[in-house]
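The structure appears below as C-alpha cells.
None of the figures in this text is laboratory data; all of them are computed from the coordinates on show. The shown structure was predicted, so the numbers you read here are calculated from the model rather than taken from an experiment. Counting neighbours? That spans all protein chains shown, and the Cβs are built from the backbone with ideal geometry, glycine included.
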Amino acid sequence: MKIMNFLNEKAVSGNLTATTKEEVIEELIDLLLKAQVIKDRKKLIKILLDREALGSTGIGQGVAIPHGKSESVKELVAAFGISEKGVDFDSLDGEKVFIFFLLVAPEDSAGPHLKALARISRLLKDRYFRDTLKAAKDEKTLLKIIKQEDSKK
C-alpha cells in the first residue's frame, strides 16, 4: 500500500500552529475540509477525540497517527502535518510530537485502515525519514520526500 493512495496532496502542512492535541486534530481535519474530502467537521473531531480517549495515538519518537472511522467518507483519506515546536500529545514515550498523520476510514473498512496504519508506522520507524520530513521547508518538499519513500517499498 502506498501512502499517496490515501494522502490528499492538498491536505499537507509543513507548519502546524496548534499547541494542544485537540487543536492538532482540528487543524488536520480542516486540511481535509479544505481539500474537500470530508464534510462533517464537528462529527469527525468528536470521533477522533473519542478515539484518543481510549489511548493516545502518539506512538513515540515524535510521531502521532490519530485515526478513526466515519460514515462521512467513502474511502480512506489522510492529512499530514509537521509541527516545528512539537505538541504534547500524551505520547507513549512522553515526548512531544512533531509528525502527524491523520487517517479517516469508512465505517465498514478494517483492512485498508489497518494496512495504512502499519505502512505509516513502518516508514516512520526510520529516523532518517523522520528527520528529513522535519527538515523540509514547505509542503512541496514534504510531498516529494513522501513520494520518494513510497516508491522504495
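Among I145, V37, I99, pick out the residue whose Cα is farthest towards the positive end of the charge dipole of the chain, where Lys and Arg carry +1 and Asp and Glu carry -1 on C-beta, about the Cα centre.
Result: I145.
Only bridges whose two residues both fall in segment 3-152 count here: according to DSSP, what percent of them are antiparallel, nearest 5?
Approximately 50 percent, going by the DSSP bridge assignments.
I'd like the projected area of segment 3-152, averaged over all directions, using the convex hull of its alpha carbons. Report it in nm² with one decimal.
In nm², the orientation-averaged hull projection of segment 3-152 is 7.8.
So, in nm, how far is label E107 from label M1 when the simple model puts each one 7 Å beyond its Cα toward the Cβ?
Result for the modelled spin labels: 2.1 nm.
Where nothing but the Cβ of Lys and Arg (+1) and of Asp and Glu (-1) is charged, how large is the charge dipole of the chain around its Cα centre, in debye to the nearest 20?
580 debye
Between A110, A136, A11, which gets the highest mean-square fluctuation from a Gaussian network model of the chain, Cα cutoff 10 Å?
Sorting by GNM fluctuation, first place goes to A110.
Calculated from DSSP H runs of 4 or more alone, at -39500 (n - 2.57) each and per residue, what is the 222 nm mean residue ellipticity of the chain, nearest 500?
Rounded to the nearest 500, it is -13500 deg cm²/dmol.
Using a Gaussian network model on the chain with a 10 Å cutoff between Cα atoms, which of G60, G81, G94 fluctuates the most?
G94
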